[in-house]
Amino acid sequence: MSAAAQFMPRLRIVLLVVVVLLAGGYLAFSTWFRNQMEQEAVEFRENMLWAVFQIQKELQTTLRLSDKALAGQLVHMDDLEISYEIFVSRIDLVHRGAGFEDLRDIAVFSETIGQLMETIAGLDKELAAKPDMDAQTLAASLIQDLAPFEERLQQVSVATLHFASNRNTSRNAKITQMLNWMEALFILNVTIVMVAFTFAFQQMLKAYRSDYKAEQEERERRFLEETAERNKLQALGTLAGGVAHEINTPAQFVMSNLEFLREAFDHTLQPKDSDPTQADDEDTRYYREEVPAALTQSVEGMRRIGEIVKAIRHFAHTEDGSEVPVDVVGEIKNALILTTSQTKHVATVTSDVPENLPKVTGRTNELNQVLINLIVNAAQAIEEKVASGYLPPGDGRIEVNAAVENDSLTIRVIDNGPGIPVEIESQIFDPFFTTKPVGVGSGQGLAISRKIVASTFGGSIGIDRSDHDGGCFVIRLPLPACDAASFPH
């Protein structure tokens, strides 16, 4: 199982846990907050009503004691004064004390308390002016001045209840608004968390895909390198028989010439029974004519063997993978030498390759491998056309041309075989695609050639259908701007 597949269930669990915790925390906090606000609203209302109730209670107590005193019942002066002082303290508490500011915003409350404060001030002056006042006199003054406020305080109580209810409604609306904001904030937090997790997961998935792609590309690169090496060995095997014949032919006439030279020297050094002068003159003339030709032919044969051996060594050489300037002219010549045995009985091979072509950057023997693949394919295509009767034997043609076009060095391998059918043109560079019989083609040559041209040289390979009755493969290799500009097009 891949790392991404292992991570997915864990990511889902973590995301679910985070969302559940956020949702649970939000619900718990919102419930607690709502309860706190409701409790505070109840306490606010009860505190306001309690303050008004305490004033009413103390006023009723003072008036009740005053009624008893006027009725002739025994009421101590101290009890009446204490009751009055408690009533005054309640009035002073809500008038000046902290926590009752909201009560003072009620018009009837503020007006009533103000009048009570004025009345109390008058009573205090009266008490101060008559320090020996008895209980009945004080009771009469209290009833006269305070009794009218009993009904007024009842109105204050009703107004306070309405004010508290309206205030609580307003506070509840604010609480609801705050809860809505909290809910929106919670949704925003959850969204941010989900987006963050989604982004993290996408990045992780992207990294895994990148790693997987890199691994696949590395595997493909190694596979193509191994396949290219096998293809090279296969090409060497295919060329081996023809190359052996190419080497054997000059070797045979070199050996024949050496035998001739040995026989000539033996004959020259052997004593003559007949007229030696006449014999020497005839032999000398013969050997003077034949020996230089034999030596020239032998030198040419050895040169030919040297070229073939050099081309094989170059093609079979395994490089360290570094990119170097590649002599395209030399690569084309080596490819033509190595494919001679494949082409000489099938087609006439010509080339138009300027000697001063600029070099390209890449790996030398890999371009050689591409050219050999294309030339051998061209020879096999011509063989198929000859075998099918559409081309007379000996009329096959293969051309290898090279030139600088715009900013590229272009190599064309042209043949007059059957060409590439349009319907399979898009498939011919696919790995393992081949139209050849089983055992003749592996379907890897063109795929490897395209990979080499693209990855090693940064170029392209394709088909050119203009003005050709057979097949034409075009290799375009990029050139540095200075080389392309300095070479005559």
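The values are calculated or read from the model by the stated rules, or taken from the named source; none is laboratory data. On a predicted model such as this, the values are computed, not experimentally measured, just so you know. Note that each Cβ is placed from the backbone with ideal geometry, even for glycine, and that neighbours are counted across all protein chains shown.
Miscellaneous remarks
- If the condition is being within 23 Å of G25 (Cβ to Cβ) and surrounded by 11 or more Cβ atoms within 10 Å (Cβ to Cβ), then region 192-201 contributes V193, M194, A196, F197, T198, A200.
- Test: residue in region 91-102 that is touching a residue at least 60 places away in the same chain (Cβ under 8 Å), of a type outside the set (V, I, T) and within 26 Å of M48 (Cα to Cα): yes
- Considering the conditions (1) modelled with pLDDT of 75 or more; (2) of a type in the set (F, W, Y); (3) closer than 18 Å to H162 by Cα, F44 is excluded by exactly one of them, (1).
- Filtered by the rule that a residue be more than 46 Å from the chain's Cα centre (by Cα) and over 18 Å from V474 (Cα atoms), region 339-380 gives T339, T340, S341, Q342, T343, K344, H345, V346, A347, T348, E355.
- Count of region 339-370 residues which are under 24 Å from P421 (Cα atoms), modelled with pLDDT of 90 or more and of a type outside the set (V, I, T): 1
- Being part of a loop (DSSP other than H, G, I, E, B) and acidic (D, E) holds for only one residue in D132, D145, and it is D132.
- Test: residue in region 311-322 that is within 24 Å of S460 (Cα to Cα) and either among the hydroxyl-bearing types (S, T, Y) or modelled with pLDDT of 70 or more (or both): yes
- Total residues in region 202-212, condition loosely packed, with under 11 Cβ neighbours inside 10 Å and either at pLDDT below 75 or among the basic types (K, R) (or both): 2
- Subset of region 386-401 [buried (at least 19 other Cβ atoms within 10 Å of the Cβ) and at pLDDT below 90]: L391
- Considering residues of region 51-87 that are of a type in the set (S, T, Y) and without any contact (Cβ under 8 Å) to a residue 60 or more places away in the chain only, the residue surrounded by the most Cβ atoms within 10 Å (Cβ to Cβ): Y84
- Count - residues of region 377-424 that are touching a strand residue (DSSP E or B) at 6+ places or on another chain (Cβ under 6 Å) and charged (D, E, K, R): 4
- Which listed residue, of T137, T119, T169, is farther than 30 Å from L21 by Cα, assigned by the TED database to the domain that holds L21, hydroxyl-bearing (S, T, Y) and touching an Asp or Glu at 6+ places or on another chain (Cβ under 7 Å): T119
- Test for G417: is it at positive phi and assigned by the TED database to the domain that holds G459: no
- Qualifying residue in region 68-81 (condition: within 30 Å of S165 (Cα to Cα) and either modelled with pLDDT under 65 or assigned to a helix (DSSP H, G or I) (or both)): no
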